[in-house]
Amino acid sequence: LGTSFLTDSDSFQDVLVKIERPTYQKPFLGGFKNKITGVEFHNAGSQMIPKKTPDKGILVFRRETQTVFEKNKRQQTTNTTSTQMTKTGLYVSNKADKLITPGKYFTAEEYHKRRLEAVIVLQRYFRRWHATNIVQKLREEKRLRLEWEAQEELQRKKEKEEKLRREHERRLNPKTKGDFELLYHALELWRQEETEQINRTLSGAERKAALCGLLEQEAQLIASIERHKLNADEENRQKAILHFLNKCAQPKRWKAYDGKITEMDTQFTLRARELLEIYCSISMSDIPQDERIDVLLTLKRKVKEHECKLTQEIVELIDREIDLMSREVKECNLEGLRKRICTLFLQFIKIPKFNPEVAKILKVPPDPLKLYKNVNRCQSCKNYLSSTAFPIPANTHTTGRCRLCCKLDNEARHRETCLKYKLILENLRKSEADYQDDAKIVFLLQHQDLQYLIEKIWGCQSALSACSDLYDLVMVRWDKQHEWSPWNAILLTKDEADAHLKLCDLQKAYEAAFIHRIRHKHIRAKNYFAQIPAMTSFLQGSENQTNAN
């Protein structure tokens, strides 16, 4: 920027002036304003560029550098006072004065000792209050524990009484195969006791006569049991027939995505339901004669839809019964005829041609060629039966005898009951299914295998309490992280099993001697079941898992 100024010689000289524009906002330092012209005049300020603070690499605009910490501290200042005393020419009254006498002086040691004694008194009362609370809590826990034990004892007593009542009821009114096994087992125990008493008290001819009388009593009891079995078989047969027909007549069911069950009737299920209603009607007794005739005519129309030898025979029997009822023949004389009609109509229902829905439920397939692959010969009765009719333990290599022959042999000679072992196996399979870890071994074993495991390996008693009541014993996993197997099992009572399955570390929970004893039983079980071909793959898997651990 150029400018000119006057020199001493009354001449002007041009001078080049460099103006630097500020790069920052000029601070306002105050000023004044002309009221007439309105011109503002600011106070002078430096035009020099402010010095920049060098960057030290440290952030200085922080709360710590900009915060002022204040401290308050009390000060005791001197205060000059004066005391006015009595003197010549001045009297000061002493009525308001107090006479202060020094007390007993005690040292710092005595002071701290006094404080310690006071603290001990406070601790004594606090500990008493704390101990009282602990004792009350323990008493309450003891009371609750005793009440729980009393309830558990009462519950066990009720369960035992209920079990005895059920066994007594099953012996009085046997209905299932297990009930008759209990009856024959009780009969065998009674025979053994009577035989021992006779051998102990009698001898010679008296002993022979007593044994003959005992044999006659046993024969009478067996005959009575067989009569009960015939009645029970008839009832069970009727229940099985109705269950079979109801299963055929059930509608198709499936579960939707929202959880609702959808049912659908097809023409085949409707047909099966209609045949079920007719069968129930003709099986009823003590119905009026007119209703009976209507049912027979309905049956006649239904079977006439198909022409074959079976339907012709059913129609002939229906006509015969209607003719006999018109002649007022007594109902007791018509029982045999009515049973024949029911039997033939049941055969009619079981034919897939007349009842297509039954083809899915029949045990015997319509094509006889399919039976050849699944038929075995019983070595006792010499009959050819399906493989499901043979009890096949895990350690057997042949089919042997069928279930019927085994049952007859047991009733005739040993009269043993396997109900307890079947119950233990059923509970074991349910518990293994609840783990949902694809357990397989427990479903390969039969009750004969579990019976050997309990009797020979575990001695029919709990591993902890030596309880020998098989109704109270259960078989559970030794290590709950692995699948149940004969070499990963332990026999305990129900309460002990619940406590065992809650343990996390078996090494800390049990003593080394107890664990060694359990391991020994596992080795014995593994040596026995290693002879079974089906167990070979599981044994190899367990050994690999043990080596990995």
Please get the size of the charge dipole for segment 125-185, origin at its Cα centre, with Cβ charges of +1 on Lys and Arg and -1 on Asp and Glu, quoted in debye to the nearest 20.
280 debye
For segment 85-193, the per residue accessible area (1.4 Å probe, Å²) is 95 Å²
Mean residue ellipticity at 222 nm from the helices of the chain, using -39,500 (n - 2.57) per DSSP H segment of n ≥ 4 over the full residue count, to the nearest 500 deg cm²/dmol?
-17500 deg cm²/dmol
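Using the Cβ atoms and a cut-off under 13 Å, what net charge is assigned to the surroundings of Arg271, where Lys and Arg are +1 and Asp and Glu are -1?
Net local charge, Arg271 excluded: -2.
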Between the helical axis of 512-529 and the dominant principal axis of the chain, each derived from Cα atoms, what acute angle in degrees is found, rounded to the nearest 10?
40 degrees
Accessible surface of the chain, 1.4 Å probe, proportion on carbon and sulfur as whole %:
53 percent
Dividing the alpha-carbon radius of gyration of the chain by 2.2 N^0.38 Å, where N counts its residues, gives 2.17
Please report, in whole Å³, the volume per residue of the convex hull around the C-alpha atoms of segment 176-291.
166 Å³
Most positive-pole-ward Cα, His516, Ser431, Ile490, against dipole of segment 417-540 from beta carbon charges:
His516
Skip the ligands, DNA and RNA, and give the accessible area per residue of segment 305-350 with a 1.4 Å probe, whole Å².
62 Å²
Return P(r) of segment 400-460 (all Cα-Cα pairs; 5 Å bins starting at 0; whole %; ordered from short to long distances).
4, 15, 20, 22, 19, 12, 5, 2, 0
Rounded to the nearest whole Å², what accessible area per residue is found for segment 423-542 with the 1.4 Å probe?
52 Å²
For segment 244-343, the fraction of alpha-carbon pairs in successive 5 Å shells from zero, as %
2, 11, 19, 20, 15, 11, 7, 5, 4, 3, 1, 1, 0
Dipole of the chain, positive direction: furthest Cα of Leu473, Asn199, Cys248, with charges on the beta-carbon
Leu473
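The values are calculated or read from the model by the stated rules, or taken from the named source; none is laboratory data. It should be emphasised that the depicted structure is a prediction, and the values quoted were computed from it without experimental measurement. Quick reminder, even Gly has a Cβ in these numbers, built from the backbone with ideal geometry, and neighbours come from all protein chains shown. These accessible areas exclude ligands, DNA and RNA; they are computed on the full protein's heavy atoms, side chains included. Shrake-Rupley method; radii C 1.70, N 1.55, O 1.52, S 1.80 Å.
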